[in-house]
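The values are calculated or read from the model by the stated rules, or taken from the named source; none is laboratory data. A quick note: this is a predicted structure, and the numbers were derived from the prediction, not measured. Note: ideal-geometry Cβ built from the backbone for every residue, glycine included; neighbour counts use all protein chains shown.
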Amino acid sequence: MMSAPAQARLLSGQAAGAAFHWLALVLLLAAAAFASASVGRFHIPFGEIADILRRGLLGGLSPETMEERILVNVRLPRILLAAIVGAGLALCGAALQALFRNPLVSPRVLGLSSGAAFGGAITLLVGGSAAVLFAATFASAFTALVLVAVISHVAGRSILSIVLAGIVIDALFSAMISLTQYVADPETSLPAIVFWLMGSFSSSSWQKVGEHGPVILVAIALLYRLRFRIAVLSMGEEEARSFGVNVGASRWLVFATVSVIIGGCVAVSGVIGWVGLVIPHAARLLVGEGHRRFHGTAALLGASFMVAVDTLARTVTSAELPLGILTAVIGAPVFIYLLCTRQARGGLAR
């Protein structure tokens, strides 16, 4: 049996390790944010950024110079929205993979992104407000997730049935999006729909931060608080009931929360795939799936990743690249690797 001093040293070491872990992730996010705030067509030195932020915290900032206007009115809201969306997508991917007990699951693979995109495309077609856009993306994302859950349940909840159900639902909503584009006015609504579907933070503003940010953040906080319940649900229905968990209510609460996050993220930035697949696997490499720090690690990594990818999208070429292209270039090879390795181990068709 371990002595009391040894236990104290062990606990102290674990606390120090946890503190270092979170500090490293926060510093990574801060570095990505500062780099994003600095680079671009108009370069802003790090010292100038720090000085502007300091004056803003002290309440003495009124954007007058070019650097202040670009940083405060353009880049800061864009960085905030990118971090929120990245954290939300990554956390949703981690939660869904645990809930379905399938590391190949992601919001995109399950059809949630296409579902939310269909609601957004319909809203852009008819000219709805920001509130209507949010409600439509949430409703259509939730519908897509319900359909996948029902199909996979009937088909036996194997990894193959879940992935195939997601592919079918994604194809269904993609077809409906194509129909929406077909009937859209090529002079007005069609270009807006096409550009929005490719994913971008170019229209970021403090108004968008105020309209969508609080709702997404509250949903992210709720999903994070549900992480222990998700872990219990991942053990199976019988084991979850033995812990006193209401399986049906808990599962639908997770589904609804995920749909709010995905709907909000799509309303803000359009469709951005692969984040919910790639980032949870990166978090597993750091802490392991069953670790209590897994979900928080995924969220912070997702925020840093999205800020970095958005920085590349607006700086790598003279014209801004759609985020969906960059995330697909990174995510598709990773997905193929995961698919092939799981098939080789005989784990895909369980």
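Specify the residue that is farthest from A139 (Cα to Cα); the eligible residues are those in the stretch 214-255 that are assigned to a helix (DSSP H, G or I), of a type in the set (G, A, S) and free of Cβ contacts under 8 Å to residues at least 24 places away in the same chain.
Looking only at the stretch 214-255, we keep the residues that are assigned to a helix (DSSP H, G or I), and these are 214-225, 227-233, 237-242, 247-255.
Next, only the ones that are of a type in the set (G, A, S) stay: 219, 221, 231, 240, 242, 248-250.
Filter again for free of Cβ contacts under 8 Å to residues at least 24 places away in the same chain, leaving 221, 240, 242, 248-249.
Numbers: A221: 20, A240: 28, S242: 33, G248: 20, A249: 18 Å.
Per the stated criteria, the residue is S242.
Cβ-Cβ contacts under 6 Å between residues 6 or more apart (or on different chains), taken from a first residue in the stretch 256-280 that is aliphatic (A, V, I, L, M) to a second residue that is not in a helix (DSSP H, G or I), are listed as I262/P107; V271/G199; I272/G199; L277/S106.
Of all residues in the stretch 39-64, those that are of a type in the set (G, A, S) and assigned to a helix (DSSP H, G or I) have Cβ atoms under 8 Å from Cβ atoms of residues that are at pLDDT 85 or above and surrounded by 10 or more Cβ atoms within 10 Å (Cβ to Cβ), 6 or more apart or on another chain, in G56/V72.
Conditions (1) buried (at least 20 other Cβ atoms within 10 Å of the Cβ); (2) among the aliphatic types (A, V, I, L, M), marked per residue:
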residue	(1), (2)
S202	no, no
P214	no, no
R225	no, no
M235	no, yes
W252	no, no
I262	yes, yes
V266	yes, yes
G270	yes, no
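In the set (1) under 21 Å from I262 (Cβ atoms); (2) not in a loop (DSSP other than H, G, I, E, B), L179 fails one condition alone, (1).
Scanning the stretch 99-110 for residues that are buried (at least 24 other Cβ atoms within 10 Å of the Cβ) and under 16 Å from H153 (Cα atoms) gives N102, V105, L110.
Residue by residue, here is whether (1) of a type in the set (D, E); (2) more than 19 Å from A328 (Cβ to Cβ); (3) modelled with pLDDT of 85 or more holds:
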position	(1), (2), (3)
H43	no, yes, yes
I52	no, yes, no
R75	no, yes, yes
I79	no, yes, yes
R101	no, yes, no
L112	no, no, yes
